[in-house]
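S.K.: Got a structure here, written out as structure tokens. Questions coming.
Every number here is computed from the coordinates shown, using simple stated rules; none is lab data. These figures come from a predicted structure and were not determined experimentally.
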Amino acid sequence: MRVFRVSSVFLVVLAALLSGCSWFSRDKGNPLDTLPVEGLYQRGVESLDNRSWGNAARAFERLIARFPFGPYTEQATINLAYVQYKDFKPEDAYSTINRFIKTYPTHRHIDYAYYLRGLINFNRSAGFLERFVGQNMTKRDQVNVRQSFDDFGALVSRYPNSRYADDARQRMIYLRNGMAQSELNIAHYYLKRGAYVAASNRAKAIIETYPQSPQVADALALMMTAYARLGQDQLASDARRVLELNAPQHPALSDDRWPRYPSNWWRLVPLMDRGQ
């Protein structure tokens, strides 16, 4: 019995020593666990500059885990959101930048945080108009488009003099026109299928919601056509009069065959250069 107890103690001590050696080896083999905060941050920045997004993310994530407070951690959080965005991980990037905005609402770079948050969803929504062409418009979701518009709007309203505000405004114009175009696509879809009430209502909503968009003229033309096919002559005449005042060269005013199917007029939307 005595020998058994001695052996058990020995085995426990030996297991503990082996475990400690294993831990020491792992720690020694991972420089991210031994670098000081300055060195760890520099490692992440060097990887970012080299566009090595995965290495940069690992360095910044380790810094945040090891040093949860301080200026290096604050900047590392912004950098982490950026590399996740560049590494095509929008969900992770959006979560990270939201956490930063909530944690550091008075940070000196908070305007950039709002701008980056807009860019993340803008990147997810980029090219959405092109994907819509020739498809059933009623089945498309614009959550990312709307969220990006709201994010840029938050930047512009909170920090109108920010260096990022002008670009945010231009992107908002692009997104606004895109949302108007999507609504116009849906109205056109309804018109093509004889749902004239739905088509006219959707066109009216475009005029009310996006009054400065290039799609207003087409919305007026569509309303004129939908009302005429419903036998609402007075409403059709009113829409035509407004269209003549605002877009006298519109094809709907001179071409009795308008709109043709498939139609191309609704695809012509002036788009800005998407840039980043």
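S.K.: Roughly speaking, what is the stretch gain from LYS102 to LYS86, that is 0.36 nm per residue apart minus the C-alpha to C-alpha distance, in nm to one decimal?
M.R.: Details: separation 16, 0.36 × 16 = 5.76 nm, distance 2.20 nm.
That pair, LYS102 and LYS86, stretches by 3.6 nm at full extension.
S.K.: Please list 3J(HN,Hα) in residue order for the range 234-239, calculated via the Karplus relation 6.51 cos²θ - 1.76 cosθ + 1.60 where θ = phi - 60°; whole Hz, with x for glycine and proline.
M.R.: The phi angles translate into 5, 5, 5, 5, 5, 5 Hz.
S.K.: If one computes P(r) from the Cα atoms of the range 150-263, what percent of pairs lie at distances over 17 Å?
M.R.: On the way: 3735 of 6441 pairs.
I get 58 percent for the Cα pairs in the range 150-263 exceeding 17 Å.
S.K.: Further, regarding this structure: Residue separation times 0.36 nm, minus the C-alpha to C-alpha distance between ARG229 and ARG241: what's the value? Write down the numbers at each step before the final one.
M.R.: On the way: separation 12, 0.36 × 12 = 4.32 nm, distance 1.70 nm.
Gain on extension, ARG229 to ARG241, equals 2.6 nm.
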